[in-house]
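Everything below concerns the one structure shown next.
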Amino acid sequence: QVQLVESGGGLVQPGGSLRLSCTASGSISSIDKMGWYRQAPGKERELVADISRGGTRTYADSVKGRFTISRDTAMTTVYLQMNSLKSDDTAVYYCNAVRYRGIQRDMNYWGKGTLVTVSS
């Protein structure tokens, strides 16, 4: 079992920055990948960025060059540094962790979400 807790959301002005944190507890050694998804009202949840235990990073095209995902070596905490924020970045951001179990059998864990609002 893995528990995820997000922090760092809030209200920022366009062009500003925020750093989100996600702390994992429980069966930490079972986590193979962690990342961030976001969901705005009326839209589907979408991948923002993720990072594997080996350090491989994936970013959505909409955030490349602006957001940076990082982790500690134990995969206890994952961060999302968000720079040059835009109004379209406004969403609830969810931490995600994945345990690889086989094709079509991956186990996903989710945090409760943290709200990021980009507005003047």
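Looking at (1) more than 14 Å from T114 (Cβ to Cβ); (2) within 12 Å of the chain's Cα centre (by Cα); (3) surrounded by fewer than 17 Cβ atoms within 10 Å (Cβ to Cβ), which is the only condition I51 fails?
(3)
Can you name every one of the strands (runs of 3 or more DSSP E) wholly within the range 12-120 that holds 2 or more residues which are acidic (D, E)?
Details: elements: 18-26, 33-39, 46-52, 57-59, 67-71, 77-82, 91-99, 107-110, 114-118.
Fully inside the range 12-120 and qualifying: 46-52.
What are the residue pairs meeting all of these: first residue in the range 42-55, first residue closer than 16 Å to M82 by Cα, second residue β-branched (V, I, T) and surrounded by 12 or more Cβ atoms within 10 Å (Cβ to Cβ), Cβ atoms under 7 Å, and 6 or more apart or on different chains?
Short answer, once both residue conditions are applied: V48/V63; A49/T58; A49/V63; A49/I69; D50/T58; D50/I69; I51/I69; I51/V78.
What do you reckon, is L20 surrounded by fewer than 16 Cβ atoms within 10 Å (Cβ to Cβ) and within 12 Å of the chain's Cα centre (by Cα)? If you could, list the steps in order and put the result at the bottom.
On the way: surrounded by fewer than 16 Cβ atoms within 10 Å (Cβ to Cβ): no; within 12 Å of the chain's Cα centre (by Cα): yes.
No.
Which one of these does V5 not meet: (1) β-branched (V, I, T); (2) at pLDDT below 95; (3) open to solvent by 60 Å² or more (accessible area, probe 1.4 Å)?
V5 satisfies all of (1) β-branched (V, I, T); (2) at pLDDT below 95; (3) open to solvent by 60 Å² or more (accessible area, probe 1.4 Å) except (2).
For the range 16-60, how many residues meet the condition of being of a type in the set (A, V, I, L, M, F, W, C), touching a Phe, Trp or Tyr at 6+ places or on another chain (Cβ under 7 Å) and within 16 Å of V98 (Cα to Cα)?
So in the range 16-60, the residues of a type in the set (A, V, I, L, M, F, W, C) come out as 18, 20, 22, 24, 28, 31, 34, 36, 40, 47-49, 51, 60.
Right, trim to touching a Phe, Trp or Tyr at 6+ places or on another chain (Cβ under 7 Å) and you get 20, 36, 47-49.
Checking which are within 16 Å of V98 (Cα to Cα) leaves us with 36, 47-49.
Qualifying residue count, the range 16-60: 4.
For the range 78-93, how many residues meet the condition of being open to solvent by 10 Å² or more (accessible area, probe 1.4 Å) and touching a Cys at 6+ places or on another chain (Cβ under 9 Å)? Spell out the reasoning first.
Keep residues of the range 78-93 that are open to solvent by 10 Å² or more (accessible area, probe 1.4 Å), which gives 79, 81, 83-84, 86-88, 90, 92.
Cutting the leftovers down to touching a Cys at 6+ places or on another chain (Cβ under 9 Å) gives us 79.
Matching residues across the range 78-93 total 1.
Here are V48, V63, V118, V98: which of them is of a type in the set (V, I, T) and within 21 Å of Q1 (Cβ to Cβ)? Talk me through it step by step, then tell me what you get.
Values: V48 fails: within 21 Å of Q1 (Cβ to Cβ); V63 fails: within 21 Å of Q1 (Cβ to Cβ); V118 fails: within 21 Å of Q1 (Cβ to Cβ).
The match here is V98.
Could you identify the single residue in T56, T114, T77 that is more than 12 Å from the chain's Cα centre (by Cα) and on the phi < 0 side of the Ramachandran plot? I'd like the intermediate steps shown before the answer.
Details: T114 fails: more than 12 Å from the chain's Cα centre (by Cα); T77 fails: more than 12 Å from the chain's Cα centre (by Cα).
Just one listed residue meets the conditions, T56.
Report, ordered by the first and then the second residue, all pairs with beta carbons closer than 9 Å, sequence separation of six or more or different chains, a first member in the range 1-13 that is more than 18 Å from K86 (Cβ to Cβ), and a second member that is among the basic types (K, R) and exposed (fewer than 14 other Cβ atoms within 10 Å of the Cβ).
L4/K112; V5/K112; E6/K112
The values are calculated or read from the model by the stated rules, or taken from the named source; none is laboratory data. Owing to the predicted nature of the structure, the values given are computational and were not obtained by experimental measurement. Positions of Cβ are generated from backbone atoms using ideal geometry, with glycine treated the same way; all protein chains shown enter the neighbour counts. These area figures cover heavy atoms from the full protein model, side chains too; ligands, DNA and RNA do not enter into them. Shrake-Rupley method; radii C 1.70, N 1.55, O 1.52, S 1.80 Å.
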